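Computed from the coordinates by the stated procedures, all read-outs in this text should not be read as laboratory data. Owing to the predicted nature of the structure, the values given are computational and were not obtained by experimental measurement. Virtual Cβ from ideal backbone geometry, glycine too; neighbours counted across all protein chains shown.
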Amino acid sequence: MSRTPTAAVDRRRDLHTHSDLTDGTASPAAMADAAVAAGLHTWGLSDHVRADSDWVDEYLRLVRGLRRDGLEILCGVEAKILDSRGRLDLPTALPDLDYVLVADHQYPAAGGPVHPRDVARAIAAGAMLPADVVDELVVATCAAVQRAPLPVIVAHPFSLLPKMGLSETDVRDDHLRALAAACRTVDAAVEINGKWRCPSARIVADLSSAGVDLVAGSDAHRPQDVGAFGYVDVIGAVHQPGADAPWARPADLPSSRRERRVAVSP
Ligand SMILES: [Zn+2]
Ligand SMILES: [Zn+2]
């Protein structure tokens with residue numbers, strides 16, 4: 001895959017943050033204040049959901065009720081990929097959220113999520129091959145991107161690899177081509193994650209040159225980390241206002257696209 005030295009992201013937009021509604025330390029209002037203090041023009045709250053989360057309607061109302069001068073506020077959720085078919089740990093009935101972060105929190109095996117420690121043990125015992133593990137992770141991520149019922153960001157891609165004793169050197173160019181193709185099909189973006197400091201500069205450059213939109217996400221769980229994009233600087237991505245996926249401006253999202261995506265059953 002041909003490579004470019006840099007990718008462009010808008011560092012004044014942070015769509016990956018958590019509040020004390022799930023595992024963050026501060027209220028949604030305090031995180032909104034932090035977004036203003038960080039100089040952002042767009043901020044999204046993306047608390048963790050599971051299939052049985054019954055509070056998403058109330059959560060959306062709360063976030064839609066937040067107002068800060070000069071700040072566009074979006075409401076998303078973060079959901080883990082459950083299995084190699086790309087099913088997501090997401091309620092089947094969802095309100096009109098702006099986006100979903102799909103995340104590799106557990107290893108998405110054919111039969112369902114497996115703790116990465118158990119995968120590491122299986123690799124060490126010779127019961128699983130690293131190449132097969134990465135294959136299945138990429139297949140699952142591509143499937144999740146395609147079947148997600150909302151505009152998608154792939155959150156902290158490949159953050160699972162070190163937890164399984166693997167690294168991004170186990171990710172081949174054909175894996176990245178497959179991921180890029182899946183993302184391009186549905187205009188999904190891939191995140192450069194400030195907390196997990198992934199993916200690497202090589203993967204960012206490959207995905208960027210393959211036409212994938214990159215977004216910076218802090219994954220902030222406390223106010224002082226909102227808009228903290230030090231890792232973006234480390235890998236050399238350039239700041240370009242408006243560089244992100246067009247759906248980051250929800251008014252621009254064609255209704256036909258949203259309808260088509262919602263029609264995909266979970
Ligand atoms: Zn996550
Ligand atoms: Zn997160």
- Note on the structure: Cα extents of the stretch 8-262 along the principal axes, largest first, in whole Å, come to 56, 40, 38
- Neighbouring Cβ atoms within 10 Å as the yardstick, rank L71, L160 fewest first. L71, L160
- Take every DSSP beta bridge whose two residues both sit in the chain, then give the antiparallel share in percent to the nearest 5. 15
- Using the Karplus curve 6.51 cos²θ - 1.76 cosθ + 1.60 with θ = phi - 60°, work out ³J(HN,Hα) for each residue of the stretch 43-59 in order, rounded to whole Hz, and write x for Gly and Pro. 9, x, 8, 9, 5, 6, 10, 10, 4, 9, 5, 9, 10, 5, 4, 5, 4
- Message: If I model a spin label at D233 and R64 as a point 7 Å from the Cα along the Cα→Cβ vector, what separation in nanometres do I get?
- Response: 3.8
- Task: Only Cα pairs under 8 Å and at least 6 apart count here; give the relative contact order of the chain as a rounded whole percent.
- Result: 26
- Segment R177-W55, extension gain: residue separation times 0.36 nm, minus the distance between their alpha carbons: 40.2 nm
- P(r), alpha carbons of the stretch 90-169 - 5 Å bins starting at zero, rounded %: 3, 15, 25, 24, 14, 10, 6, 3, 1, 0
